[in-house]
Ligand SMILES: Nc1ncnc2c1ncn2[C@@H]1O[C@H](COP(=O)(O)OP(=O)(O)OP(=O)(O)O)[C@@H](O)[C@H]1O
Ligand SMILES: [Mg+2]
């Protein structure tokens, strides 16, 4: 849910004047066109002022004075001028359309470029909907203000100028009187326009909130459906919709007040002027022609003025939009390399983390004095519990974030932000969540190296063992993968991500749980592949599956942001510390190659606290009673509050444990290979204390209470002890 409080405090609002200045500044590159447009507009205005002026001569001289020559001259002159002005108007329209479109194109490009260059931190802080509303709502508001500027603001403003001058030429007394129009027409807008501006800014912000909410809801549809959250989602949207309804209603009303307050005053003034003019003409102090000219000019003037006031709300909306756009553009970007891109170490020999500490937020340290050295050609692995900071190490290595303390050195030199791009070119990551763009499989792989040939792309696919599957797709390599790769399975996406890394032919291959979405057979195959392509390359991998780190050069064991152990597999096992405990946990299982059948050894069951009191014979009876359960990603295994009769061991995979909290479901733990849950269900019929959902495809071994109790019946004296253990743990 978008959190409106998370936004920056509201800035002071941009006024219409500032917005106009901003538009002028943006027009700078199109100065020539702008001047031509202005000339065209002047011609048009001069003409439209000439028509009412001509009435004076037409009526007084040609008609009343019965002078045929004057009549012909005036009519022919007007006719020729009308044709010329229309032609000029056509050209002006064309130029204007191009110029405003170009201005918006520039702005759009600037915004997009800016978004690319924001730091990962700022990008993560930005909500998708907000960003989208910049591109739709804000640019739209600027566009509509620009396109209606000519008929609603510029022409009327020029008309105002011309007709005011001409009024004085016609009759200074009435012209003075007509000056009253300014205070009358501008008083209302002065009061209402600032209110409308604030309402407009608020509405824009809320449009961003709404888009964020809709976007989040769309991407969360599997969760919404699985948990039956439709009503909850509708209620949340309803609240948001109500807020936006209120500000839209306020904005529309205030906008019309701006127009109406001006309109009423103008109307009254028109009546007054007609009265005074009529009286003067009646008294013979004003010719009839002058009266008609004056009235027509004054009508033009008042219409022009009311156009301008009607345009003001639109300009205010654009001002709100410009302000939001400028706020985004003012965020500092990561690109700091002014001038020459400095030469990065072409082939680095050593990357060194020196006492690196880092927190995503100031309150928490997610990495705590992490030091390690990665030499070219080495294979190292980071292991450790979920949330211990493994992916964070990679994020810092890739320069997504800067260390709060400590340094990262490449060949002894600190990694400068300006060298990041060059440094990153030597790295190919396969991330924990592989991202695919909605383009063809071929293009997705080619993203690893944009210059790769088709043959190289296909070769990479072959080495990532995805080629056959791709050829089976309806259009083979040309098949589009859907949004975020939605038309492919998790395993296929992961393999395409691996192919993308391979096509880069990197010096350093970074693998973050690169095989986690695959079944055991596929994992073994990919690991073989990775071992082959990794030969002669530096490999840094993150995994929670210890079987794949047995032969790496160095294993770093992480716990709560720190490296707690390091060394080779055998050394670490011998040390009997954190690594050995992890290893122990993941052992004692067998899994068939295609992952559809698993088993557990009786000895392994002893590591489960509740079962640890059982004797060897009971454990041996119990072990075969475990049943293999396969579960795809994003499924609920148990639900908080439901009755449970089953205990689960995770053979492979990853689940999250969720509890209902004050702010909805909160993730309280992540469990992976070797972990277990649902112990209490073995003893009693109690509601589940938490929800467990798979994050990745999982293989479980489950045991139903009945089987357990049957075994327990043979050793009734144990039951009390188990109850005791359960109480302690519960
Ligand atoms: N973008 C983020 N903003 C705030 N906190 C984050 C962010 N990413 C990760 N964290 C926190 O940082 C800690 C370390 O996360 P990290 O992703 O490095 O763990 P990990 O070891 O890779 O875990 P896993 O095995 O689940 O991938 C966690 O406590 C996590 O909640
Ligand atoms: Mg991770």
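None of the figures in this text is laboratory data; all of them are computed from the coordinates on show. Note that the structure is a prediction, hence the values are computed from the model and not measured. Counting neighbours? That spans all protein chains shown, and the Cβs are built from the backbone with ideal geometry, glycine included.
Worth pointing out:
- Two-site label geometry, residue 78 and residue 20: point separation in nm, points 7 Å out along Cα→Cβ: 3.2
- Full extension of the chain segment joining residue 126 with residue 106 gains 5.0 nm, where the gain is 0.36 nm per residue of separation less the Cα-Cα distance.
- Between the Cα long axis of helix 230-282 and the first principal axis of the chain there is an angle of about 10°, rounded to the nearest 10.
- Degrees between helix 155-170 axis and first principal axis of the chain (Cα, 0 to 90, nearest 10): 20
- Coordinate range along principal axes, alpha carbons of region 110-261, Å, largest first: 79, 36, 22
- With each label modelled as a point 7 angstrom along the Cα→C-beta vector, the residue 438-residue 407 pair spans 4.6 nm.
- At R0 = 41 Å, FRET efficiency that the Cβ-Cβ distance of residue 173 and residue 246 yields, to 0.05: 0.25
- For region 350-572, DSSP calls about 50 percent of its internal beta bridges antiparallel.
- If you look at the Cα atoms of region 185-252, you get an Rg and a Dmax of 16.8, 59 Å.
- When both bridge partners sit in the chain, DSSP labels roughly 75% of those beta bridges antiparallel.
- Per-selection Rg to Rh, region 589-729 - Cα, Kirkwood hydrodynamic radius: 0.97
- Relative contact order for region 248-405: 15 percent, from Cα pairs under 8 Å spaced at least 6 residues apart, divided by residue count.
- Remark: spin-label model distance residue 660-residue 472 equals 4.3 nm, labels positioned 7 Å along the Cα→Cβ axis.
- Mean projected area of the convex hull spanned by the Cα atoms of the chain, taken over all viewing directions: 41.9 nm².
- In region 350-572, the inverse of the mean reciprocal separation of distinct Cα atoms equals 18.0 Å; this is its Kirkwood hydrodynamic radius.
- Note on residue 717 and residue 625: the extension gain reaches 30.9 nm, defined as 0.36 nm multiplied by sequence separation minus the Cα-Cα distance.
- Based on every Cα atom in region 117-172, Rg and the maximum pairwise Cα distance Dmax equal 21.7, 67 Å.
- Sorting 297-310, 228-241, 666-679 by their mean Cβ neighbour count within 10 Å, with the most densely packed peptide first, gives 297-310, 666-679, 228-241.
- Reported to the nearest whole Å, the Cα centre-to-centre distance from region 558-605 to region 228-295 is 76.
- With one equal scatterer per alpha carbon and no solvent term, the Debye-computed log10 I(q)/I(0) for region 128-214 at 0.13, 0.14, 0.21 1/Å reads -0.65, -0.71, -1.05.
- The separation of region 670-730 from region 132-169, counted between C-alpha centres, amounts to 73 Å.
- Considering only alpha-carbon pairs that sit under 8 angstrom and 6 or more positions apart, the relative contact order computed for the chain is 11 percent.
- Highest mean first, the peptides 392-405, 311-324 sorted by other C-beta atoms within 10 Å per residue fall in the order 311-324, 392-405.
- In degrees, nearest ten, helix 31-57 long axis to first principal axis of the chain (Cα): 30
- Estimated from the Cβ-Cβ distance and a Förster radius of 56 angstrom, the FRET efficiency linking residue 191 and residue 724 is about 0.15.
- Only helices enter this figure: runs of n ≥ 4 DSSP H residues, each worth -39500 (n - 2.57), summed and divided by the residues of the chain, yield -17500 deg cm²/dmol at 222 nm to the nearest 500.
- Computed P(r) (all Cα pairs; region 4-329; 10 Å bins; percent): 5, 20, 24, 21, 14, 9, 5, 2, 0
- From the alpha carbon centroid of region 349-416 to that of region 479-549 is 22 Å.
- In units of the compact-protein estimate 2.2 N^0.38 Å, region 412-463 shows a Cα radius of gyration of 1.41.
- Relative contact order [Cα under 8 Å, 6+ residues apart], region 589-729, whole percent: 30
- You can think of it this way: the chain between residue 709 and residue 231 has 168.0 nm of extra reach, that is 0.36 nm per residue less the Cα-Cα gap.
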